[in-house]
1. When you check G96 against the structure, is it of a type in the set (G, A, S), surrounded by fewer than 16 Cβ atoms within 10 Å (Cβ to Cβ) and either modelled with pLDDT of 95 or more or on the phi < 0 side of the Ramachandran plot (or both), yes or no?
2. Just checking, which of I146, I137 is free of Cβ contacts under 8 Å to residues at least 60 places away in the same chain, within 30 Å of K239 (Cβ to Cβ) and under 18 Å from the mean Cα position of the chain (by Cα)?
3. Output the qualifying pairs, or none if there are none: Cβ atoms under 8 angstrom, residues six or more apart or on different chains, first residue in the range 213-237 and free of Cβ contacts under 8 Å to residues at least 24 places away in the same chain and assigned to a strand (DSSP E or B), second residue within 16 Å of ligand 1 (Cβ to nearest atom) and not hydroxyl-bearing (S, T, Y).
4. Quick one: in the range 12-38, of everything that is loosely packed, with under 14 Cβ neighbours inside 10 Å and on the phi < 0 side of the Ramachandran plot, which residue is nearest to the chain's Cα centre (by Cα)?
5. Output yes when any residue across the range 230-241 is buried (at least 18 other Cβ atoms within 10 Å of the Cβ) and more than 21 Å from G104 (Cα to Cα), and no when none is.
6. Any chance you could count how many residues in the range 46-57 are farther than 11 Å from I95 by Cβ and either out of contact with any strand residue (DSSP E or B) (no Cβ under 8 Å at 6 or more places or on another chain) or in a helix (DSSP H, G or I) (or both)?
7. Suppose we filter the range 148-170 for residues that are out of contact with any Pro (no Cβ under 9 Å at 6 or more places or on another chain), surrounded by 22 or more Cβ atoms within 10 Å (Cβ to Cβ) and over 14 Å from I137 (Cβ atoms); how many remain?
8. Just checking, how many residues over the range 188-224 are of a type in the set (S, T, Y) and within 16 Å of ligand 2 (Cβ to nearest atom)?
Amino acid sequence: MISIKTPEEIELLRIAGKITGDTHNYLKKFVKPGVTTGELDKLAYDYILSRGCTPSFKGYDGFPGTICTSVNDEVVHGIPGNRVLEEGDIISLDIGACYKGYHGDSAWTYPVGKISKKCEDLLEWTRESLFEGLSVIKDGAHVGDIGAAVSKCARRHNLGVVRELVGHGVGTDVHEDPDVPNYGFAGTGPVLKEGMVIAVEPMLNLGTPKIYILDDDWTIITADGKPSAHFEHTVLVTKDGYEILTKR
Ligand code: MG
Ligand code: MG
């Protein structure tokens with residue numbers, strides 16, 4: 001069931017999304033060589049609480065962190081801990097904040113100091129694929145239109161599209177219907193309606209799209225060890241387009 005949010009719910013989702021975006025703005029200042037992923041997690045925890053929210057992911061299916069910190073070949077769901085960030089790394093921060101029962105969900109990949117041209121391109125193009133995916137959203141569009149736009153952009157840049165993990169609806173649950181894949185065909189899948197709220201989140205790899213899961217049962221990494229990037233916004237579907245709820 002894909003829910004249509006009421007105006008009151010949309011207002012709460014706007015606040016949750018705003019605080020999620022603000023948490024990114026706050027955290028990105030601390031992303032530099034020498035910081036640990038655990039320190040970033042603690043900063044996120046304190047910040048989210050200071051804004052009257054709770055972290056959406058902490059305890060979700062038993063996830064131990066406030067945020068997901070995925071470095072280099074880690075695609076998603078990296079567990080914050082003792083890992084020290086080094087010059088040239090890239091790190092995806094996936095952040096969720098819950099306000100009065102409603103969630104925001106947004107991921108962004110950041111450079112750690114100076115990064116290679118290949119990684120710069122990966123970040124730019126994955127961000128580009130997010131906005132190309134968003135650009136087709138409006139009342140009456142199909143979910144498949146989004147995946148078609150994302151994968152077209154990925155193909156243009158010769159990047160691997162992760163297929164096992166997908167975007168999703170957002171509301172009182174951080175993961176609601178529908179699934180929003182980063183592949184597919186225009187004109188297929190559920191029809192988007194004004195008042196739906198979805199997270200679009202391309203995960204693109206410099207190499208193979210194949211992934212596997214580490215023994216910690218959380219961290220997903222690329223099968224060939226090449227870097228991966230992840231950009232995600234939670235958006236409201238409107239009559240003529242979309243509104244980004246997790247704006248920076
Ligand atoms: Mg998400
Ligand atoms: Mg997310």
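1. no
2. On the way: I137 fails: free of Cβ contacts under 8 Å to residues at least 60 places away in the same chain.
Criteria check complete, one pass: I146.
3. What qualifies is I213/I220.
4. Of all residues in the range 12-38, those loosely packed, with under 14 Cβ neighbours inside 10 Å come to 25, 29-30, 32-34.
With the extra rule that they be on the phi < 0 side of the Ramachandran plot, the set shrinks to 25, 29-30, 32-33.
Working: N25: 15, K29: 19, F30: 19, K32: 20, P33: 23 Å.
Step by step, filter the range 12-38, then rank; the result is N25.
5. Step one: of the range 230-241, the residues buried (at least 18 other Cβ atoms within 10 Å of the Cβ) are 230-237.
Those left that are additionally more than 21 Å from G104 (Cα to Cα): none.
For the range 230-241, residues buried (at least 18 other Cβ atoms within 10 Å of the Cβ) and more than 21 Å from G104 (Cα to Cα): absent.
6. Quick first cut of the range 46-57, residues farther than 11 Å from I95 by Cβ only: 46, 49-52, 54.
With the extra rule that they be either out of contact with any strand residue (DSSP E or B) (no Cβ under 8 Å at 6 or more places or on another chain) or in a helix (DSSP H, G or I) (or both), the set shrinks to 46, 49-50.
The number of residues fulfilling the criteria is 3.
7. 0
8. Total satisfying the criteria: 1.
The values are calculated or read from the model by the stated rules, or taken from the named source; none is laboratory data. All of these numbers come straight from a predicted model, not from anything done at the bench. Glycine gets a Cβ as well: all are built from the backbone with ideal geometry, and neighbour counts include every protein chain shown.
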